[in-house]
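Notes follow once the structure below has been shown.
The values are calculated or read from the model by the stated rules, or taken from the named source; none is laboratory data. Nothing here was measured: the structure is a model prediction, and the numbers come from that model. Cβ placement follows ideal geometry from the backbone for every residue including glycine, while neighbour counts extend to all protein chains displayed.
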Amino acid sequence: MESLVGLAEIYEKWATANEATAEELLAGMDSLPREIQEQQRQRAGQLVAEAAALKIRAKELRDLEGRMVEIVQDGYKVPQDRNPRPQTIWRYNRFQ
């Protein structure tokens, strides 16, 4: 499984790719018929909205990762045994 920060980076890359695709769609619209221009605008709008949602999710994942590190650094401790010496249970206490 990816770390949360790694997953956030993937989301950021997807968001950047979506934004670039939206820009390409909008840049090449001038020579297209009006109906197709409207479709391209809608698709570009969807890509920009998806990019924004991915960036928000990436930020949430980074924040979550940061809080997890704080919990560990703030003193989470593994429970220690009260009696650190191992105890052996002898069925028969006869020694020869």
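Some observations on this one:
- Subset tally (residues that are part of a helix (DSSP H, G or I), at pLDDT below 90, surrounded by 12 or more Cβ atoms within 10 Å (Cβ to Cβ) and more than 18 Å from the chain's Cα centre (by Cα)) for segment 32-78: 0
- Subset tally (residues that are of a type in the set (A, V, I, L, M) and surrounded by fewer than 13 Cβ atoms within 10 Å (Cβ to Cβ)) for segment 9-31: 2
- Taking the criterion of being in contact with a Leu (Cβ under 7 Å, 6 or more places away or on another chain) and among the aliphatic types (A, V, I, L, M), the residues of segment 47-68 that qualify are LEU61, LEU64.
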